[in-house]
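All remarks here apply to the structure that follows.
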Amino acid sequence: MLKFILKRILQMIPILFVVTIVVFLFVHMIPGNPARIVAGADADQATVEMIEKKLGLDKPIVEQYFVYIGNLAKGDLGTSLKTNEPVLQEMKSRFMPTFWLTVWSMLFAVIVGVGIGILSAMKRNSFWDYLGMFGAVVGISIPSFWLGLLLMQWFSVKLGWFPTTGLDSWQGYVLPSITLGVGVAAIIARFTRSALIDVLKEDYIRTGRAKGFSESKIMIRQALKNAMVPVVTMTGLQFGFLLGGSVVIETVFGFPGLGSWLIDAVATRDYPVIQAEILLFSLEFLLINLLVDVIYGFLNPQIRYDD
Amino acid sequence: MTTIQENKVAATQPASPWREFWKKFKRQKLAFASAIFIVLLFIVALIGPWIAPFDYTKADYSQILQGPNDKHWLGTDAFGRDILSRILVGTRTTLLVGLSAVLAGAIIGTILGLLSGYYGKWIDSLIMRFCDVLLAFPGILLAIGIIAILGPGMINVVVAVGIFTIPMFARIVRSNTLVYKNSLYVEATRSLGAANLYIIFRHILPASFSSIIVYFTMRLGTAILTAASLSFLGLGAQPPSPEWGAMLSAGRDYLTTAPYITYFPGLAIMLTVLAFNLLGDGLRDALDPKVKD
Amino acid sequence: MAEKVLDVVDLETHFISDGKVVKAVDGVSFHLYKGETLGIVGESGSGKSVTSLSVMQLLRNTPGKIVGGTIQFGTLDIAHASDKQMRKIRGNQISMIFQEPMTSLNPVYKIGRQLTEGIILHKNVSKKEATQRAQQMLEKVGIPRAKQILNEYPHQLSGGMRQRVMIAMAMACDPEILIADEPTTALDVTIQAQILELMNELRETSQTSILMITHDLGVVAEMCDRVVVMYAGQIVEEAPIEALFAQPKHPYTQGLLASIPKLGEEVEELTSISGTVPTPETMPSGCRFEPRCPYAMARCKEQNPVLKADEDGRVYRCWLQEEGSHE
């Protein structure tokens, strides 16, 4: 198992290298002179040159890349054009809120999604199944920002249970986490249902029935773990969806995390911040994929021994 | 497009394919209702400005922030503009953005998938690696990244959403191509000396049509949702535009005093996306059970 | 012979899909004595597997349904038993092994757990006792390193070993009846012989009755005391094993026997029965075997013969019985 994890980490190195190149080239892909865009059309040449220098655009491109890598190694992610503060510093303060937001919403999504999926699979083609699956399609179709505003309007404005915006206490997590989790819960519910229905067709389920287990025991003791193998994989991949969704949700709730920061940075063309965020998100993806593989190995004994 | 598809269906399923499809599709009541709703949406998109009860741009400061009433069925916004009229007119923007983005992505993705599957070797690896990279990122982040490069605006939203639609189509068409490439039928055509391009467009592409149509419908819902999200974030359509996401964004400031401003555009987005998703599910069950969500 | 442990009378199991009814089992009657092995033989589509699934009431979650007849087991009629009653019987008094040892064990659980869970469910024992029993059973079915195997996963075992595990699992609660549905079909020939021998041994020591479902007359010859031959959902012949092999009465049975090569016999030509098992659409209105029968007569087209004994006491379903003149 350890060998397997190590191998996967080694496999990540070339990918990381490609990621740094893409992130580095980001500024160079902007049509026109990025410094000019940042400075604005009326800015004088001196300002433009100063910004060019700040972005490191004044040197040959290969040298720029090595400077960039060198800085990364030192933990220097550049300086925000807007605040003139080191990007890393702000990133540190914004990382944990987003981290917890994704964790809570994933927890919500897994509990609700797997629950509905199991119920639907057990009561297949019943009213509850149809209701659950229709709910899931609605969950996939509902615009998260709209759902966020509705929840905010109801629970914060009308009932006053939660703060409308900001993150002064744990209550600030509740509505954003639910809003963010609904879409993923819907996807997990659909997936869990179909995975379970596939598993229930397997021969070993018939064996379980032949042993005299009741349908609910079959579901929980025989089918669930098998169905969880694909569900875990899919759920892990949904973390990406959550990261994407967090951008929207954080903006809705004025949540001080990485997502709202990214939108601000895009709006103000704060390129070093955008670059740093793309890098961070890519890293998170790679890590999540690694984690999914590891958990997959634990759930499926056949995988573990193949490596 | 219809004629090509008819040819295809006739080639693979000789027993009255349309009736077969119709029989299966009619059973899916939700999908059927969705199809009707979508047809209505397209009609509204075409004639919206003429059926709107008010001028969607005209501010009326005597009528600001009115709740739903006899005159303004869905109320008015902060400028006294009629929300119903703005939603009706905005239908066109919504559908146009979704359609053009998915169409562009589908065409490019289909071509890449055909090339990848038919020619294999390094072309295949190159295209598939490219798709892997694109798919590694969640769609909306990719779109935000692209907009960060290109700048905000509706056209750039179309480009961004179109780009993240490419890899999905490329993969589906590739896997279909791999199957049909080696079919006896195509082998026979090839042995008769048919050119590669002729085989691709005359035989392999039509064979993938049902998958493409199912997926196209499903992606439309996602594309509309993503485009609305981007507009909501201020990266797409800009405020005076009656785009639904932008309307919602503008309504946020009146959440305490006039929540209905956000109710209806959001409802419009949800129903539209829901209709495309349900139709996609229904088409999948009726046409192509292989495609999974 | 002694006591009947199972008595099936006029069993009818139908499959209903798209509004069409398929009579998979159409009026089948047979019984099973204590300690006996009864073979049910037939081609695929003959209804033999559906018969066994009906006895286990395992047709839930399929479009199949028992629509008529009785399955008497002790004082209980299985055909009309509740789910709860059946759960007490399944795996406990009647257990079953299947054709596919490779897929019949759950890949994500260890062998030990899969063996003990049935024991714990039916016998009021602790986990420790169940584990002991599981190990005993593994030893009994001839699995070496039984203790280690308990902690291994199915994919670490060969097909033959897995079928032994399945047998251990089925026998763990000392069932009165073991239903074996093509238990050796998926295995190598040498392994097949071992498994059959094992089943014979177990039957002798435990006095369990075995219902052997198979298409393989070699397996029947090896294992069974009596045989029921099924064709298109109905029984066409029933006979003690020696009589069946010495003198098959029904033309279908004759065809089946002629299609297996006999050891030490110069065979010029292996005959096989021409044609295929009828589908619901092509089901003849008369005798169901008539289209493939070399002795078909005009009467066969019109009326399906009934299953009855001739003057020698041989039971089969054929009009030739009344002619009494074919060999």
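The values are calculated or read from the model by the stated rules, or taken from the named source; none is laboratory data. As the structure is a computational prediction, the values presented were derived from the model and not from experiment. Backbone-built Cβ (ideal geometry, glycine too); neighbour counts: all protein chains shown. Heavy atoms of the whole protein, side chains included, go into the accessibility calculation; ligands, DNA and RNA do not. Shrake-Rupley method; radii C 1.70, N 1.55, O 1.52, S 1.80 Å.
Work out the FRET efficiency for B:Thr257 and B:Asp132 from their Cβ-Cβ distance, taking R0 = 56 Å, and round it to the nearest 0.05. Computed FRET efficiency for B:Thr257 and B:Asp132: 0.70.
The trypsin sites (Lys or Arg not before Pro) of the range A:198-239 that meet both conditions, a loop assignment by DSSP and at most 16 other Cβ atoms within 10 Å of the site Cβ, are A:Lys201. Beta bridges assigned by DSSP with both partners in the protein assembly as shown are antiparallel in approximately 65 percent of cases. In the range A:94-299, carbon and sulfur make up what percent of the accessible area (probe 1.4 Å)? The computed percentage sits at 71. Straight-distance candidates among the lysines for linking to A:Lys92, with alpha-carbon spacing under 28 Å and chain neighbours fewer than 8 residues away dropped: A:Lys53, A:Lys54, A:Lys74, A:Lys82.
In chain B, excluding the sites themselves, the longest stretch lacking any of the trypsin sites (Lys or Arg not before Pro) that are in a DSSP loop with at most 16 other Cβ atoms within 10 Å is B:72-289. The residue among A:Ile15, A:Ile5, A:Ala39 whose Cα reaches farthest toward the positive pole of the charge dipole of the range A:1-74, with charges on the beta-carbon of Lys, Arg, Asp and Glu, is A:Ile5. Overall, chain A carries a charge dipole of about 1480 debye about its Cα centre when +1 sits on the Cβ of Lys and Arg and -1 on the Cβ of Asp and Glu, all other atoms neutral.
The phi-based Karplus calculation (6.51 cos²θ - 1.76 cosθ + 1.60; θ = phi - 60°) puts the 3J(HN,Hα) values of the range B:159-173 at 4, 4, 5, x, 4, 7, 7, 3, x, 4, 5, 4, 5, 4, 5 Hz, whole numbers, x for Gly and Pro.
Taking θ as phi - 60° and the Karplus parameters 6.51, -1.76 and 1.60, the scalar couplings of the range A:50-55 work out to 5, 5, 3, 5, 4, 7 Hz in sequence order, x denoting glycine and proline. Counting, for every residue in B:132-140, the Cβ atoms of other protein chains within 10 Å of its Cβ and taking the mean gives 5.
Each Lys and Arg adds +1 at its Cβ and each Asp and Glu adds -1 at its Cβ; summed about the Cα centre, the range A:1-74 shows a dipole of about 700 debye.
The alpha carbon gyration tensor of the range A:1-74 gives principal lengths a ≥ b ≥ c with a/c of 1.5 or higher and a/b greater than b/c, which makes the shape prolate. Over all distinct Cα-Cα pairs of the protein assembly as shown, the Kirkwood formula returns a hydrodynamic radius of 32.8 Å. Residues whose amide H comes within less than 5 Å of that of B:Phe137, counting only those at least five positions distant or on another chain, are absent (H built at 1.01 Å from N in the peptide plane). Hull volume per residue, based on the alpha-carbon atoms of the range A:94-299 and their convex hull, is 129 Å³.
How many angstrom separate the Cα center of the range A:269-294 from the Cα center of the range B:130-182? Here the two parts' Cα centres lie 19 Å apart. Tell me, what is the FRET efficiency for A:Ile5 and C:Lys123 to the nearest 0.05, using R0 = 41 angstrom and their Cβ-Cβ distance as r? After rounding to 0.05, the efficiency reads 0.45.
Axis angle, to the nearest 10 degrees, between helix C:111-122 and the longest C-alpha principal axis of chain C: 80 degrees.
For B:Lys24, give me every one of the aspartates and glutamates with a C-alpha distance below 14 angstrom, ignoring sequence neighbours fewer than eight places off in its own chain. Reachable aspartates and glutamates: B:Asp281, B:Asp285, B:Asp288, C:Asp18.
In a DSSP loop and with at most 10 other Cβ atoms within 10 Å, the trypsin sites (Lys or Arg not before Pro) in the range A:26-88 are A:Lys74.
Relative to the longest principal axis of the C-alpha atoms of chain A, give the angle of the C-alpha long axis of helix A:127-141, reported between 0 and 90° and rounded to the nearest 10°. Helix A:127-141 sits roughly 10 degrees off the main axis of chain A.
Give A:Lys201/C:Lys127; C:Lys23/C:Lys48; B:Lys121/B:Lys181; B:Lys26/C:Lys65 a once-over and call out the pairs whose C-alpha atoms are over 18 Å from each other. Please list the in-between numbers first.
Numbers: A:Lys201/C:Lys127 29 Å; C:Lys23/C:Lys48 12 Å; B:Lys121/B:Lys181 14 Å; B:Lys26/C:Lys65 29 Å.
Beyond 18 Å between Cα atoms: A:Lys201/C:Lys127; B:Lys26/C:Lys65.
Which residue, C:Met199, C:Met169, C:Met297, has the most motion in a Gaussian network model of chain C that connects Cα atoms within less than 10 Å? The residue with the greatest mean-square fluctuation here is C:Met297. Taken one residue at a time, the phi angles of the range A:186-199 give Karplus couplings (6.51, -1.76, 1.60, θ = phi - 60°) of 5, 5, 5, 4, 4, 5, 4, 4, 6, 5, 5, 5, 5, 5 Hz. Gly and Pro are set to x.
Counting pairs of alpha carbon atoms under 8 Å apart in space and at least six apart in sequence, what relative contact order in percent does chain A give?
So the answer I get is 24 percent.
Dipole magnitude for the range B:56-156: about 140 debye, using +1 per Lys or Arg Cβ and -1 per Asp or Glu Cβ, origin at the Cα centre.
Mind pulling the angle between the C-alpha long axis of helix A:258-268 and the longest principal axis of chain A? Nearest 10 degrees, somewhere in 0 to 90. Result, in degrees: 40.
For the protein assembly as shown, build the charge dipole from Cβ charges (+1 Lys, Arg; -1 Asp, Glu) around the Cα centre, then report which of C:Leu257, C:Gln163, A:Gly113 sits farthest towards its positive end. Going by the Cα projections, it comes out as A:Gly113.
Here the Gaussian network model covers chain B, with springs between Cα atoms less than 10 Å apart; of B:Val133, B:Val102, B:Val44, B:Val133 fluctuates the most.
In plain terms, chain A is cut at each of the chymotrypsin sites (Phe, Trp or Tyr not before Pro) found in a DSSP loop with at most 15 other Cβ atoms within 10 Å, and the longest leftover piece is A:1-160. Pick from B:Tyr260, B:Tyr119, B:Tyr185: which residue has the top mean-square fluctuation in a GNM of chain B where Cα pairs under 10 Å get a spring? Sorting by GNM fluctuation, first place goes to B:Tyr185.
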